[in-house]
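For reference, the structure is listed below as structure tokens.
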Amino acid sequence: MSVNAEQLNIGEVPQGEVRHEATLFAEPVFHLGSFTVTNSLLNSWVAVFILVAIFILIGKKIKKIPKGLQNIFEFTLDEALKLADSITGNRKRSEKFLPISLALFLFILVNNWLGLLPGIGTIGFIEAEGTHRVFVPLFRGGTADLNTTLALALFAVVASHVLGAITVGLWDHFNKFVNIKSFLAIPGKIRKDVTIVLVNPIKAFVGIIEIIGEFAKVASLSFRLFGNIFAGEVLLASMMLLFAFILPLPFMFLEIIVGLIQALIFAMLTLVFMTIATSHEEH
């Protein structure tokens, strides 16, 4: 059906045309009462289901004398502990922190790779929006949604503070950021060292900078992961528009590597944050 430019206002779409655009936000798929379920949330649920199913199957097949796949899993876990030791410097810390960072790594990795499967982003339904008809994908890569990466970053940073408060004590951990000890120490030490009047307020100010740094951690973790995965999706979509059969394959392989690297970076940074938070040294 041909439509003259005079018959359409700017931004309008002809009756038979459907918009299919890559958006920065996740699209709602359905509602559970007042709770909105988006396509990226569905993808995250699938990732959780896959991980739970895999570990249930592995758990049923664990034997005292390992063989086959169990050998591979045990070797991988041992190497992961050695990698964690290189960051924490302590095997007890590694055993405490690794379950958290490893869970984040696996969740992010599966989410990253699910977004590359055929049908993710291309199977969905058509929804009317005013005079427009918009294609809404049923599934969307979970980590290609800023809400998901922001939630993961918040969890990682908050978990590091909880562990820090448990390990070094709530008061000592609090004083890493709001250094009340510095002010309380002035009256008792001012006779021996007059410069403490200048030095200790500076220590307190450094603590305030650390608070800003904690917000920067959340922003850095979330935007790095989101930016890399979303950019990969846009790149693959562009390549498919140019030539859908062979051209996207090298880029898809590249995105598999990127998905692995981004999951590893996120997990390692989480491990670093937890190690710093549980150290007894003041920032």
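Values in this text are rule-based calculations from the coordinates and carry no lab data. Quantities reported herein were computed from a predicted structural model and do not represent experimental measurements. Because the Cβ atoms are built from the backbone with ideal geometry, glycine has one as well, and the counts that use them run over all protein chains shown.
Of note:
- Charge dipole (debye, nearest 20) of region 56-182; +1 at Cβ of Lys and Arg, -1 at Cβ of Asp and Glu: 600 debye
- Exceedance of the 31 Å cut-off in Cα-Cα distance is limited, within the set Lys82/Lys217; Lys96/Lys176; Lys63/Lys217; Lys67/Lys217, to Lys63/Lys217; Lys67/Lys217.
- Here Ile209 and Phe55 are evaluated by their C-beta separation; at R0 = 51 Å the FRET efficiency comes out at 0.80.
- The slack in the chain from Thr36 to Leu138, taken as 0.36 nm per residue of separation less the alpha-carbon distance, amounts to 35.4 nm.
- Once both labels are positioned 7 Å from their Cα atoms along Cα-to-Cβ, the gap between Glu74 and Ala103 label points is 2.5 nm.
- For region 233-277 and region 87-133, distance of Cα centres in Å: 11 Å
- Under 5 Å, built H, 5+ apart or other chain: amide partners of Ser279: none
- A straight chain from Ile265 to Phe125 at 0.36 nm per residue would run longer than the Cα-Cα distance by 46.9 nm.
- Cβ crowding within 10 Å, taken as a proxy for footprinting-reagent exposure, orders Trp45, Trp171 from fewest neighbours to most as Trp171, Trp45.
- Sites Ile166 and Lys63 - FRET efficiency at Förster radius 30 Å, r taken between beta-carbons, to 0.05: 0.30
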